[in-house]
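The values are calculated or read from the model by the stated rules, or taken from the named source; none is laboratory data. Values in this document were obtained by computation on a predicted structure and should not be read as measured data. Here the Cβ positions follow ideal geometry from the backbone for every residue, glycine too, while neighbour counts run over all protein chains shown. For accessibility, only protein heavy atoms count, side chains too; no ligands or nucleic acids. Shrake-Rupley method; radii C 1.70, N 1.55, O 1.52, S 1.80 Å.
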Amino acid sequence: SAGLSVDGLTKIYPDGTLAVDDISFSIDAGDFCVIIGPSGCGKSTTLHSLVGNVPPTKGTVTLDGRDITDAPTYRRDIGLVFQDFQLFPHLTVEENIRYGLERMDVSAAEADDHVASMAEMMQLEGMLDRDPAELSAGQQQRVALARSLVLEPKLLLLDEPLGDMDYKLQKRMERELLRLHRELETTFVYVTHDQTQAMRLADQMVVMNDGQIEHSGPVREVYNRP
Ligand code: ADP
Ligand code: ADP
């Protein structure tokens, strides 16, 4: 039961919109899974259901065998990175990265070590005293990744994290993400509507349309279909 398992997930919003219609899929621990599909097909709803931001109408989500849909304590095992970064504007880069550690049972000295090694991994060493607004989009996204990954989540959820970047920066950030994914033992679930990006990144794909899954499986299988 290692990894993520979604069983019969359904989301009907209060206005009656059926956004996700009884979907099931599983992701092996350590895989890079991409959820792809057109705008409005239910990708974000699915992703945010995985962390309890959107309470599912029906269905279960388990991480390493534990139900995570309504168990806030387990959310510490899950990191989230958004298209618009959502950094804390009133905190420096260092304070942003340190933020989650302050809320855990970690000594100040340990926190210093974790922040320093994460800053090195993300090539943010020269920027720790700056405000997020002073950084480029790519740098801000690296801070957002550092802020999540410093907590060593089992699962990292990425919602169109490169959406607003120009093509060159996107390609560079893709290489960063693939490198990070190789170095860490974290399961990545990455949402995009961009098929070429999905093919460059994914081990495993979930192809959604109109609230349902059209195909899912290893990337080669999904794209070698007749
Ligand atoms: P995607 O991420 O693929 O663009 P979403 O999960 O955002 O898809 O949306 C799926 C469907 O649910 C769409 O029809 C969208 O308009 C609808 N939806 C999303 N959020 C809400 C909400 N808070 N209330 C009502 N409908 C919503
Ligand atoms: P994305 O494209 O990233 O899925 P959207 O622009 O569709 O995001 O949605 C932005 C926000 O608006 C989200 O919080 C989503 O839940 C909400 N939303 C989307 N569609 C609807 C809808 N039909 N009714 C109410 N809220 C919605």
Select from the range 143-177 the residues that are open to solvent by less than 40 Å² (accessible area, probe 1.4 Å), outside any helix (DSSP H, G or I) and closer than 13 Å to T187 by Cα and list them in ascending order. P153, L155, L156, L157, L158
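Does G79 qualify as being more than 25 Å from L18 (Cα to Cα) and in contact (Cβ under 8 Å) with a residue 40 or more places away in the chain? So that I can check it myself, show each step before the final result.
Details: more than 25 Å from L18 (Cα to Cα): yes; in contact (Cβ under 8 Å) with a residue 40 or more places away in the chain: yes.
When the stated conditions are applied, G79 passes them.
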What number of residues within the range 21-47 satisfy the criterion of being within 12 Å of ligand 2 (Cβ to nearest atom), of a type outside the set (D, E, K, R) and either touching a Gly at 6+ places or on another chain (Cβ under 8 Å) or free of Cβ contacts under 8 Å to residues at least 12 places away in the same chain (or both)? 3
Pair list, Cβ < 8 Å and 6+ apart or interchain, from the range 138-160 residues that are away from ligand 1 (no atom under 16 Å from the Cβ) to residues that are basic (K, R) and modelled with pLDDT of 95 or more: V150/R98
When every residue in the range 49-58 that is open to solvent by 30 Å² or more (accessible area, probe 1.4 Å) and either outside any loop (DSSP other than H, G, I, E, B) or closer than 17 Å to F82 by Cα (or both) is compared, the one farthest from ligand 1 (Cβ to nearest atom) is K58
Name the residue, out of L9, L18, L63, L80, that is surrounded by 20 or more Cβ atoms within 10 Å (Cβ to Cβ) and either over 24 Å from E185 (Cα atoms) or of a type in the set (K, R) (or both). L9
Of the residues in the range 21-44, those that are within 7 Å of ligand 1 (Cβ to nearest atom), buried (at least 16 other Cβ atoms within 10 Å of the Cβ), more than 13 Å from the chain's Cα centre (by Cα) and at negative phi number 1
How many residues are in contact (Cβ under 8 Å) with a residue 40 or more places away in the chain and either closer than 14 Å to D77 by Cβ or under 10 Å from the mean Cα position of the chain (by Cα) (or both) if we restrict to the range 172-191? 7
